[in-house]
1. 5 Å is the cut-off here: which amide hydrogens, built 1.01 Å from N in the peptide plane, fall below it relative to I140, excluding neighbours closer than 5 in sequence?
2. Aspartates and glutamates within cross-link reach of K223: Cα-Cα under 15 Å, excluding same-chain residues under 8 positions apart?
3. In a shell of Cβ-Cβ distance under 14 Å around K163, excluding K163 itself, what net charge do Lys and Arg (+1) and Asp and Glu (-1) give?
4. Exceeding 26 Å between C-alpha atoms, which entries from my cross-link table qualify? They are K6/K163; K42/K163; K69/K94.
5. If each residue of separation counts as 0.36 nm, what is the full-extension length gain between I192 and I79 once their alpha-carbon separation is subtracted?
6. Given Cβ point charges of +1 (Lys, Arg) and -1 (Asp, Glu) and nothing else, what value in debye, to the nearest 20, does the dipole of the chain about its Cα centre take?
7. Suppose every K and R has +1 on its Cβ and every D and E has -1 on its Cβ; what is the size of the dipole of segment 107-172 about the Cα centre, in Debye to the nearest 20?
8. Based on DSSP H assignment, which helices of the chain show an axial Cα extent of at least 15 Å together with a mean Kyte-Doolittle hydropathy greater than or equal to -0.5?
Amino acid sequence: MIEPVKQIIEDEHYGEDSLLVGVLASACVGILDSGCYVTRGKVFASSQTGNLLYLGIDISNGDFSQILKYTFPVLLFVIGVVLGTHFQMHDKRKGWRIAPALCEIVLIIIASLLPLSWNALANPLFGLVCGMQAIAFRRIHHIPLATVYLNGNLREAVERLVKYIHLKDNDDLYRFILSVILVFVFLVSVTIGAFLSRLIGHYVTLVAAVCLSIDVYFLYKAKKSA
């Protein structure tokens, strides 16, 4: 266990692919998800599976009044993925993530300041943010890991642990630790987001903008030192 942990610490020199950047990005999404769910009508920011689940249940119950409520966040998430891919394909320079991250911050601030009566617009904007992040922040230490999808990291953690038990390859343990950290951070950030929602209401999502702003600082710093 000690060797992979030491390697993770040493590999933090990757800068824009660092674990710290990934942790902050994951915390951002966790806060967005809990904030939207608790304060904006039980709609998820990143978990479009959850939104589609609610949509399907409502349709099965003959309740068609919620179709737009759950459909638009999914559609804007898809558009966010398109935009994130556009940034990735058209800017091969180091630090390309800064531009989509800045766009995300602006969108989070705008959506956070919208009153609860404007949830129909705010929730899709948060979906747009998470769609962009699904592309912009999905590598840690050059390893494909998601800062948006919890299921993928949970699957990765279990898969790598089983492989390590059988093969004793430290690379599997390395990836297991990274995946577990992201799952843990997401859970903690969701908990914090839900707690803060009781204190500051729907403005809790501004905390996610702060997390992402710190990420932009680290990304810019990594770009300057390259």
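The values are calculated or read from the model by the stated rules, or taken from the named source; none is laboratory data. Keep in mind that this is a model prediction, so the values were computed, not measured. Cβ sites come from the backbone with ideal geometry, for glycine too, and all protein chains shown count toward neighbours. When the accessible area is computed, the model is the full protein with side chains, heavy atoms only, and any ligands, DNA or RNA have been set aside. Shrake-Rupley method; radii C 1.70, N 1.55, O 1.52, S 1.80 Å.
1. Residues meeting the amide H criterion: L145.
2. Leaving aside aspartates and glutamates fewer than 8 places away in the same chain, those within reach of K223 are E12, E16, D17, D91, D215.
3. Details: positive: R155, R160, K168, R175; negative: E156, E159, D169, D171, D172.
With Lys, Arg at +1 and Asp, Glu at -1, the net is -1.
4. Where the Cα-Cα span goes over 26 Å, the pairs concerned are K42/K163; K69/K94.
5. Numbers: separation 113, 0.36 × 113 = 40.68 nm, distance 2.83 nm.
Computed gain between I192 and I79 is 37.8 nm.
6. Result for the chain is approximately 320 debye, rounded to the nearest 20.
7. So the magnitude is around 40 debye.
8. The answer, listed by residue number, is 19-39, 48-60, 67-90, 98-113, 119-136, 150-167, 170-200, 205-225.
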